[in-house]
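Asks: Below you will find the structure I want to go over with you.
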Amino acid sequence: MPKNRLIFLGVTAAVSLLYVYMTWIFAPPDVNLGELVRIFFQHVAPALVAYGAFGGTLVCGIMYLWKGDLKYDILGAASLKIGLLFTTITLLSGMMWADATWGVYWNWDPRETTTLILWVAYACVLAYRASISDREARAQFGSIFGIIGFPMVILSYISIQIWDTLHPQVITGSGLEMAAEHGMTLMVSMIAVIMIALILIDFTYYIDSAQEKIHRIRMARS
Amino acid sequence: MNHGFQAAFAIAKKDIVTQMRKKFEAFSMFLFALIAVLAFSFAIVTQGSIPEEIGSAMLWVIIFFMGMFGFAPIFLSESETGTLPGLATAPIPAWSVYLGKVIYGFTLMGIVEIFLVPIVSVLFGFSILNDIPLALATLIIGTLDLAAVGSMASALTMPSESKATVFPLVYFPTATSGLMLLIEITKIIVIGPGLISVLLIFEILIAHLVAMLTLSASVFHFALSS
């Protein structure tokens with residue numbers, strides 16, 4: 001494994017440990033939420049990282065259509081898969097939080113619902129990609145779908161400004177609406193989750209590129 | 001630019017004339033919508049009536065599903081008749097082909113909606129006449145938004161081996177964002193102003209339409225060249 005990757009892995013491990021410490025020991029109970037505030041840090045960071053990963057799919061789609069280099073398509077697909085993983089974590093942690101706070105796992109809150117639609121939308125992109133056997137067409141059309149699917153991410157993000165919601169709006173134009181310790185913990189959780197996501201995207205990209213090479217060798221031999 | 005718009009209108013005209021000769025497609029869409037109304041009625045009618053906000057939301061759900069019949073064959077029919085390569089190699093910009101298909105999809109859906117909307121509002125017991133200009137604008141922008149998404153979804157099914165199965169996979173997720181806004185606006189028109197400003201949602205709907213049209217038009221030549 002290259003030295004840079006090892007260093008990045010080490011730093012990520014250290015930041016992740018700090019994330020665990022700050023979430024479970026450093027952050028004090030919230031005035032309103034009490035101990036439940038700890039779920040908040042496992043919920044917000046994956047949600048924002050999922051949006052970022054889908055943004056990565058959009059950017060890679062544009063880059064592929066512009067440059068025509070297959071590596072952008074593989075990277076975009078990797079970003080999509082990791083986005084789906086983090087959306088799943090967001091939905092599950094959100095359900096745990098909803099159950100603890102409101103006594104039900106699912107209450108059709110606009111953010112909850114649009115996040116589930118987002119999950120379904122990007123799962124559809126994956127299924128769509130799998131339905132095309134021609135490699136070039138898959139990359140070309142998959143990139144287009146990744147681009148035109150992005151407005152759903154924006155709608156999910158702004159849903160709490162459009163509809164009545166149970167979701168607290170913590171990130172506003174004037175900054176973070178929370179205690180300083182919670183703000184610091186959220187920042188560390190964001191950094192840790194972003195680093196974990198980058199490692200996972202890199203790992204997925206590495207595997208998918210290797211699979212692509214094997215596939216090409218097989219095609220050349222047959 | 002003018003040449004592109006002329007080409008778009010020519011393509012739309014060609015599709016509309018072909019559709020008028022066949023007739024069955026628009027009629028099938030209308031019948032499907034009526035069947036959907038009856039099927040939904042079993043689930044939502046309580047004590048002989050339907051809450052206004054649910055009835056009005058159902059209108060867009062029915063139009064959304066009806067779009068499957070209207071939009072799916074837009075490029076499929078070109079592929080089946082062998083005219084798709086002609087469109088791809090024609091000396092016109094690719095976006096005009098896309099725009100032509102959007103205009104065609106909008107016209108087809110619009111024709112069916114002229115009959116469908118009054119029938120659904122009578123059967124489901126709601127009125128969109130509280131704010132006629134907004135209701136008309138919502139119907140026009142909403143149908144245009146669905147046509148913009150549906151036409152692109154139809155083009156995206158072309159390289160797939162299972163086109164019929166893949167169309168909903170592309171159409172549903174991309175159209176759902178617009179559908180949610182349309183349902184919300186129509187609800188506000190029917191039950192009166194709520195806490196949320198209807199104009200804000202309407203602006204977001206227009207932004208959604210503009211985003212869909214520009215994104216799709218700018219990448220359409222990649223789809224057509226394949």
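The values are calculated or read from the model by the stated rules, or taken from the named source; none is laboratory data. Because the structure is a prediction, the values reported are computed rather than measured. A quick note on method: Cβ atoms are made from the backbone with ideal geometry, for glycine too, and the neighbour counts reach across all protein chains shown.
Asks: Is it the case that A:Gly76 is surrounded by fewer than 16 Cβ atoms within 10 Å (Cβ to Cβ), of a type in the set (Gly, Ala, Ser), in contact with a helix residue (DSSP H, G or I) (Cβ under 9 Å, 6 or more places away or on another chain) and at pLDDT 95 or above? Break it down into steps so the answer makes sense when it comes.
Replies: On the way: surrounded by fewer than 16 Cβ atoms within 10 Å (Cβ to Cβ): no; of a type in the set (Gly, Ala, Ser): yes; in contact with a helix residue (DSSP H, G or I) (Cβ under 9 Å, 6 or more places away or on another chain): yes; at pLDDT 95 or above: yes.
No; evaluated as a whole, the condition is false for this residue.
Listed here are the residues, each with its yes/no results for (1) among the polar types (S, T, N, Q); (2) at pLDDT below 90; (3) outside any helix (DSSP H, G or I); (4) crowded, with 21+ Cβ neighbours inside 10 Å.
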| residue | (1), (2), (3), (4) |
| --- | --- |
| B:Pro91 | no, yes, yes, no |
| B:Phe106 | no, no, no, yes |
| B:Glu113 | no, no, no, yes |
| B:Ile119 | no, no, no, no |
| B:Ser154 | yes, no, no, yes |
| B:Ala164 | no, yes, no, no |
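Asks: Right, something else. If you scan region B:200-217, which residues turn out to be buried (at least 16 other Cβ atoms within 10 Å of the Cβ) and touching a residue at least 40 places away in the same chain (Cβ under 8 Å)?
Replies: Quick first cut of region B:200-217, residues buried (at least 16 other Cβ atoms within 10 Å of the Cβ) only: B:201-202, B:204-205, B:208-209, B:211-213, B:215-217.
Hits for region B:200-217 are B:Phe202, B:Leu205, B:His208, B:Leu209, B:Met212, B:Leu213, B:Ser216, B:Ala217.
Asks: Name the residue, out of A:Phe40, A:Phe54, that is closer than 30 Å to B:Val219 by Cα and among the aromatic types (Phe, Trp, Tyr). Quick ask: steps written out before the conclusion?
Replies: Numbers: A:Phe40 fails: closer than 30 Å to B:Val219 by Cα.
Going through A:Phe40, A:Phe54 in turn, just one is closer than 30 Å to B:Val219 by Cα and among the aromatic types (Phe, Trp, Tyr): A:Phe54.
Asks: Sticking with this structure for a sec: For the structure I just gave you, tell me whether B:Ile140 is in contact (Cβ under 8 Å) with a residue 40 or more places away in the chain, surrounded by fewer than 23 Cβ atoms within 10 Å (Cβ to Cβ) and more than 11 Å from chain A (Cβ to nearest Cβ). Break it down into steps so the answer makes sense when it comes.
Replies: Numbers: in contact (Cβ under 8 Å) with a residue 40 or more places away in the chain: no; surrounded by fewer than 23 Cβ atoms within 10 Å (Cβ to Cβ): yes; more than 11 Å from chain A (Cβ to nearest Cβ): yes.
In short, no.
Asks: Would you confirm whether or not region B:124-133 contains a residue that is more than 7 Å from chain A (Cβ to nearest Cβ), under 28 Å from A:Ser143 (Cβ atoms) and touching a residue at least 12 places away in the same chain (Cβ under 8 Å)?
Replies: Our first condition is that a residue be more than 7 Å from chain A (Cβ to nearest Cβ); within region B:124-133, this holds for B:124-133.
Okay, now just the ones that are also under 28 Å from A:Ser143 (Cβ atoms), so none.
No, because not a single residue in region B:124-133 is more than 7 Å from chain A (Cβ to nearest Cβ), under 28 Å from A:Ser143 (Cβ atoms) and touching a residue at least 12 places away in the same chain (Cβ under 8 Å).
Asks: Of the conditions (1) within 30 Å of B:Leu205 (Cβ to Cβ); (2) modelled with pLDDT of 85 or more, A:Asp164 clears all except one; give me its number.
Replies: (2)
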